[in-house]
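Working notes for the structure below.
Throughout, read-outs are computed from the coordinates displayed, never taken from laboratory work. Because the structure is predicted, anything quoted here is derived from the model rather than measured. Positions of Cβ are generated from backbone atoms using ideal geometry, with glycine treated the same way; all protein chains shown enter the neighbour counts.
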Amino acid sequence: MDKNTCIFCKIANGEIPSATLYEDSMFRVILDLSPASKGHALILPKKHFENLFDMPEEEGKEILLLAKKVGTKLKEVLSCDGMNLIQNNGSSAGQTVFHFHMHLIPRNEGDDIKLNWEPGVLSEEVKQLILEKFTKE
Ligand code: 5GP
Ligand code: ZN
């Protein structure tokens, strides 16, 4: 997908209107159209790149600082208890829009929002295999 057809390029760059919480030269933060919770927001870079693996260093350096800034304000405004930052890369990981974005999902004690997985067990064999490969290559 290129920036001529990418919906998040159009939203991030203001060609399509959106409920914008914050904007600067690099990012736009909008409310999600199908929110998991009240105040579910998305950080969209203005530059098109698909996922974390393609993210330019410049955006990478700034995005967590922005998540902290916007997340803190959102938490104050909504008086929520907590917040999930979620960022999906690839369809196997749940990515449905292939322009990098980070979810900010406000949470409250006892809400019924499901972001859970069944915990597995880290076997000695798998642990050793991954540690060996990861530290060799
Ligand atoms: P993903 O599954 O790719 O991590 O998340 C895509 C998110 O974008 C979803 O939460 C979905 O609701 C949201 N979304 C998709 N299209 C639009 C849109 O046109 N406007 C807004 N505001 N959110 C969108
Ligand atoms: Zn895009």
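Isolated cysteines of the chain, defined as having no other cysteine beta carbon under 4.7 Å away, are CYS80. Loop-located chymotrypsin sites (Phe, Trp or Tyr not before Pro) in the range 1-70 (DSSP state not H, G, I, E or B) with no more than 15 neighbouring Cβ atoms inside 10 Å: PHE49.
Rounded to the nearest 0.05, what FRET efficiency do ASN108 and LYS136 have when you use their Cβ-Cβ distance and R0 = 35 Å? With R0 = 35 Å, the Cβ-Cβ based efficiency is 0.20. Sites listed here are chymotrypsin sites (Phe, Trp or Tyr not before Pro) in the range 94-137 whose DSSP assignment is loop and whose Cβ has at most 11 other Cβ atoms within 10 Å: TRP117.
Basic side chains Lys and Arg get +1 at the Cβ, acidic Asp and Glu get -1 at the Cβ, and with that the dipole of the range 75-137 about its Cα centre reaches some 240 debye. Were the residues from ASN51 through ILE86 laid out at 0.36 nm apart, the gain over their Cα-Cα distance would be 11.3 nm.
For the chain, the longest principal axis of the C-alpha atoms and the axis of helix 57-78 are separated by about 70°.
Determine, for the chain, the count of lysine pairs separated by eight or more sequence positions (or lying on different chains) whose alpha-carbon distance falls under 21 Å. Here the count comes out as 19.
Projecting label points 7 angstrom from Cα along Cα→Cβ for LYS10 and LYS61 puts them 3.3 nm apart. Taking Cα atoms only, the orientation of helix 124-136 departs from the longest principal axis of the chain by about 70 degrees. Per-residue ellipticity at 222 nm, computed for the chain from helices alone with -39500 (n - 2.57) per DSSP H run of at least four residues, works out to -9500 deg cm²/dmol.
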